[in-house]
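See below for the structure under consideration.
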Amino acid sequence: MRELPNLLYIEQLAQDNQVVRERLIRILKEEFPQEVEKYKQESEQSDYFLMSESVHKLKHKFGLLGLEKAYHLAADFEEQLRAQKTNLKTEFEVVLQDIELFLNTI
């Protein structure tokens, strides 16, 4: 079964504070597309170091969205990129698509 993004961790962080909840969601909705675009540009240029930096930032968004397996996938992909390998690229990009779809629905 595929892991899907959710707001459970954000709900825990917000502790019933609607302002905090909305602020976290707004930050995700603003930053995530920018970080994905940056990652894609670095990928097109095969800049493994910068890609690994972008994956590192995106990894934390995965955690906020309750994606524990995807968080570990991103950590592994980050390490691979530092070794100039891209074996996990397709799996990682599927997670990016899932998050994009999710963020468009909240």
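The values are calculated or read from the model by the stated rules, or taken from the named source; none is laboratory data. Here the structure is a predicted model, which means the values were calculated and not measured. Counting neighbours? That spans all protein chains shown, and the Cβs are built from the backbone with ideal geometry, glycine included. With ligands, DNA and RNA removed, areas are computed over all heavy atoms of the protein, side chains included. Shrake-Rupley method; radii C 1.70, N 1.55, O 1.52, S 1.80 Å.
Taking all protein chains as present, what is the carbon and sulfur share of the accessible area of segment 12-106, in % to the nearest whole number, probe 1.4 Å?
Here it works out to 47 percent.
State log₁₀ I(q)/I(0) for the chain at q = 0.19, 0.20, 0.21, 0.24 Å⁻¹ as given by the Debye formula over alpha-carbon point scatterers of equal weight, solvent excluded.
-0.91, -0.99, -1.07, -1.31
For the chain, what relative contact order do you get, as a whole percent, if you take Cα pairs closer than 8 Å and at least 6 residues apart?
Result for the chain is 30 percent.
Take the alpha-carbon positions of segment 46-106, form their convex hull, and give its projected area averaged over all directions (one quarter of the hull surface) in nm².
The Cα convex hull of segment 46-106, projected and averaged over all directions, gives 3.9 nm².
Work out the length of the dipole vector of the chain about its Cα centre, built from +1 on the beta-carbon of each Lys and Arg and -1 on the beta-carbon of each Asp and Glu, and round it to the nearest 20 debye.
The calculated dipole for the chain is roughly 100 debye.
Looking at segment 1-37, which trypsin sites (Lys or Arg not before Pro) are DSSP coil and have at most 14 other C-beta atoms within 10 Å of their C-beta?
Those that pass, being in a loop and sparsely packed, are R2.
Please compute the modelled spin-label separation between T105 and E31, points set 7 Å along Cα→Cβ, answer in nm with one decimal.
Using points 7 Å along Cα→Cβ, the separation is 2.4 nm.
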